[in-house]
There are 2 protein chains.
Amino acid sequence: MKGSPGNEIEGRKAYILATVVYEYIATAEPVGSATLTQKYNLGVSAATVRNELAELETEGYLVQPHTSAGRVPSDSGYRTYVDRLMQPEAMGVDERRRICDELRDASHELDEVIEQATKLLGRLSNNVAFITAPQRDSQLFRHIQLIWISSRSGVAIVVTSLGVAAQSLFETAYDVSADDFTHLSNALNARLANTPLRDISPSLVAQTVAELKLNDDLCAIVMRAFESARSSLQNDVASAGAQNLLDQPEFRDLRKLRSILRIVDEQRTLYDLVADAMTTEGPSVKIGRELALDDLDDLSLVTVPYRSGGGVGMLSILGPRRMPYGRLLALATGTADSLTQRLADINATD
Amino acid sequence: MKGSPGNEIEGRKAYILATVVYEYIATAEPVGSATLTQKYNLGVSAATVRNELAELETEGYLVQPHTSAGRVPSDSGYRTYVDRLMQPEAMGVDERRRICDELRDASHELDEVIEQATKLLGRLSNNVAFITAPQRDSQLFRHIQLIWISSRSGVAIVVTSLGVAAQSLFETAYDVSADDFTHLSNALNARLANTPLRDISPSLVAQTVAELKLNDDLCAIVMRAFESARSSLQNDVASAGAQNLLDQPEFRDLRKLRSILRIVDEQRTLYDLVADAMTTEGPSVKIGRELALDDLDDLSLVTVPYRSGGGVGMLSILGPRRMPYGRLLALATGTADSLTQRLADINATD
DNA sequence: GCTAGCACTCCGCGCGTAAGAGTGCTAGAA
DNA sequence: TTCTAGCACTCTTACGCGCGGAGTGCTAGC
């Protein structure tokens, strides 16, 4: 099925492929030779174009929905287009500024900024947008505070380099004084501040608790607070813009629509989708089958990393395979930059 | 259009109306006289039923999609069914227990419990479920803690009777010591604990700040923390189950689907929908036009209150007007009870 | 007041035809 | 060799048509 790989297409044939992809992205209609010669200045006749199209098809870049229809890009057609043929785009200054402004209006809290950015990206991209929280593997512990509520209960707050993270209510089996909490908090802060969160072990905590001659139970409570800080935003995904997909002709099929809505509802799957994009540096584009989603061959995903406090999060746009890759890459990159910037501003106070 | 109001239908006619609504809810097909006599034991012939149907139509309880079709309930047909005709249902003990169990597995945090309950309700109801956070008008202030991070920044945490509420990062224009924060926190806690949050005024705070001879700026910072506690979960709505609507034949129209997906995405509208249900005690059902949603005449909404720490939140199911009202009311009520219970357990530690 | 019968209406479905878009192929021109 | 023009062919889509079925309202009789 697939044409000879390594046989990179060049010149006119490449231009024709690019044009087919471009036109199909714009119109969602299979592209025929006549359309190409009329709308684009190819300098050759429709018959010549037909020959090229036939070759591109045998090489696996294009497919025909049926015998007497125009051509549609295949996964590898899109892939070639994205990797080699399309013109990179950049965001306009105005648009860039608008994004910055909108993010600046949002609250100071990490998750609210992310939510705001997600909505913005969904709106601007006209597709499904989702953003995963910064990966916290590399986050540093900054501050813990045990807050006394009653003689047998309290709240533990853990602040990390990525912002305020976790709060967890707890109960104790016996009376504890507010002073105990204060002393323990101070001791932990003195000892552990700026330690990578993953390096904080039960024994370190136990040592501190023991030195203050406090009950061992507090050890478990503190560890639970660290644990919840470590995992709190893990797998947390904000998403927006699902309704945009209804405009796309490829989703007139209700089964597809159902599949994709379920995927958006299940954060787990969204998270898995970007998981391997995390291993590579810079923007990543996944096309069709590359996403390995059952029943959803005609989706694509654009993913761009952003940074916050040493952690890396992912900002993604999910849409039909027939998406304007150039524009969306520019949009995602620009938004990721703005988001990184905004989060740096917030964290600058630490 | 509307039939004579006050003229309450009784006996056989009422039974026929109930049966039409019941059957239509089950099948989504207009109901004809033949279906009624065959599937339900009415004891009269189809012709007699036709006469009754014609009357029910002139009285406004039923409508005909077209001349030679069966009948479909109108808003007021559904209304009568829900208010007077349908059999109230209750949840099975098993189902009830399963809900409790699932909620117990969730985390201890208010918002995560709510999210869990929302997903559960969406799954069990096969419709869109959404839950608004408890209204915080009546919430009591419990505890504030200003946490020192650096000499010019900190975090303020406010705990209320509804659970840990708000964290807000702040910066100061000049150096502040950790002790200042501790003293101020203690003074505020001593003075204001268990005050309704809305009664806390800037002057109360200013007084406390002044007594400790601290800088006025702290006053604004503290007030901002209170403000954010007051508004943090306001308008916050968790939703789940949008993809369930795709199964309903009334949403094969893509425009409708689009409208409703947008509504689900915009928390604001969802919040408005339940706003007046908040004024009434107990469960509330809104049918079709009563929701006053443009382009969406055939939706209904079941809303049931739940309680947490003196606040009242709303648990809602949104679906096609042709929804199984009895079952969903039972389901929503049962889930609301479980949720109230669960939140009471969590808060019992205060 | 109920029932049986009947003529009527309207929707939905299947079918066949026609139009249109696009192809591949072949023969000839540059 | 490479391109072009022409042509026959294929396949989809849209449209019109007729038919069957479901359900009604009405009327006459029990």
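The values are calculated or read from the model by the stated rules, or taken from the named source; none is laboratory data. These numbers come from a predicted model, not from an experiment. In this analysis, Cβ positions are derived from the backbone assuming ideal geometry, glycine residues included, and neighbour counts consider all displayed protein chains. These accessible areas exclude ligands, DNA and RNA; they are computed on the full protein's heavy atoms, side chains included. Shrake-Rupley method; radii C 1.70, N 1.55, O 1.52, S 1.80 Å.
What FRET efficiency would be calculated for the residue pair residue A:87, residue B:280, taking the C-beta separation as r and a Förster radius of 51 Å, to the nearest 0.05? Walk me through the numbers on the way to the answer.
Values: r = 59 Å, r/R0 = 1.17.
Efficiency at R0 = 51 Å is approximately 0.30.
Take the Cα of residue B:175, step 7 Å toward its Cβ, do the same at residue A:204, and the gap between the two points is 2.8 nm.
Cross-link reach is defined here as a Cα-Cα straight distance under 24 Å, omitting same-chain residues fewer than 8 places apart; for residue A:39 the lysines meeting it are A:13.
Please report, as a whole percent, how much of the solvent-accessible surface of segment A:11-85 comes from carbon and sulfur atoms (probe radius 1.4 Å). Can you show the working numbers first?
Numbers: 1700 of 3490 Å².
C and S fraction of accessible area: 49 percent.
Considering only GluC sites (Glu not before Pro) in DSSP loops that have at most 12 other Cβ atoms within 10 Å, the longest stretch of chain A without any of them is A:11-280.
When nucleic acids and ligands are ignored and a 1.4 Å probe is applied, residue A:31 ends up with an accessible area of around 0 Å². Here each label is just a point 7 Å from Cα along the line to Cβ, and for residue B:212 and residue B:26 those points are 6.8 nm apart. Of the DSSP H helices in chain A, those that are both long (alpha-carbon extent of 15 Å or more along the helix axis) and hydrophobic (Kyte-Doolittle mean at least 0.5) are A:11-27. Using a probe radius of 1.4 angstrom, the carbon and sulfur fraction of the accessible surface of segment B:168-288 is 49%. For residue B:213, the aspartates and glutamates whose Cα comes closer than 18 Å to its Cα, not counting residues fewer than 8 places off in the same chain, are B:175, B:179, B:180. I'd like the distance separating the alpha-carbon centroids of segment B:296-350 and segment B:67-87, in whole Å. Using only Cα atoms, the two centres lie 24 Å from each other. Given contacts defined as C-alpha pairs under 8 Å and at least six residues apart, what's the relative contact order of segment B:141-232, whole-number percent? Dividing the mean separation by the residue count of segment B:141-232 yields 30 percent. For chain B, the longest piece that avoids every one of the trypsin sites (Lys or Arg not before Pro) found in DSSP loops with at most 14 other C-beta atoms within 10 Å covers B:3-151. Taking a ≥ b ≥ c as the square roots of the Cα gyration tensor eigenvalues, segment A:11-85 comes out rounded, since a/c falls below 1.5.
Comparing A:337, A:83, A:298 in a Gaussian network model of chain A (Cα springs below 10 Å), the most mobile by mean-square fluctuation is A:83. Plainly put, the tip 7 Å out from Cα toward Cβ on residue B:294 is 4.1 nm from that tip on each other copy, the closest given first. Taking all protein chains into account, the per residue accessible area for the protein assembly as shown stands at 44 Å² (1.4 Å probe). Summary for residue A:111: label point 7 Å along Cα→Cβ; distances to the equivalent points in the other copies, ascending, 0.3 nm.
Cα gyration tensor of the protein assembly as shown, axes a ≥ b ≥ c as square roots of the eigenvalues: rounded (a/c below 1.5), prolate (a/b > b/c) or oblate? Taking the square roots of the gyration eigenvalues as a ≥ b ≥ c, the protein assembly as shown is oblate. Over all other residues within a Cβ to Cβ distance under 11 Å of residue B:337, the charged ones net out to +3, with Lys and Arg as +1 and Asp and Glu as -1. Mean separation of Cα pairs under 8 Å and 6 or more residues apart, divided by the residue count, gives chain B a relative contact order of 19 percent.
Counting protein heavy atoms only and a 1.4 angstrom probe, how many square angstrom of accessible surface do chains A and B bury in total, to the nearest 100? It would help to have the intermediate numbers written out before the result.
On the way: alone 17090 and 17110 Å², together 30750 Å².
Counting protein atoms only, the buried area is about 3500 Å².
For the segment B:320-329, counting C-beta atoms of other chains within 10 Å of every residue's C-beta and taking the mean gives 0.
For residue B:140, the accessible area of its heavy atoms, probed at 1.4 Å with every protein chain present, is near 50 square angstrom.
Answer rounded, prolate or oblate for segment B:202-246, using the Cα gyration tensor with square roots of eigenvalues a ≥ b ≥ c: rounded when a/c is under 1.5, else prolate when a/b is larger than b/c, else oblate. Prolate shape, in that a/c is at least 1.5 and a/b is the bigger ratio.
Computed extension gain for residue B:186 through residue B:64, at 0.36 nm per residue and net of the alpha carbon distance, reaches 37.0 nm. Relative contact order of segment A:258-350: 21 percent, from C-alpha pairs under 8 Å at least 6 residues apart in sequence.
Taking all protein chains together and rolling a 1.4 Å probe, residue A:183 ends up with roughly 100 Å² accessible. Within a straight-line Cα-Cα reach of under 20 Å, residue A:119 cannot be paired with any lysines, leaving aside sequence neighbours fewer than 8 residues apart in one chain.
Just tell me how shielded B:103-110 is by partners: mean number of partner chain Cβ atoms within 10 Å of each residue's Cβ, no decimals.
Details: counts 0, 0, 0, 0, 4, 6, 6, 1.
Shielding by partners across B:103-110 averages 2.
Among the residues of B:145-154, the average count of other protein chain beta-carbon atoms within 10 Å of the residue beta-carbon is 4.
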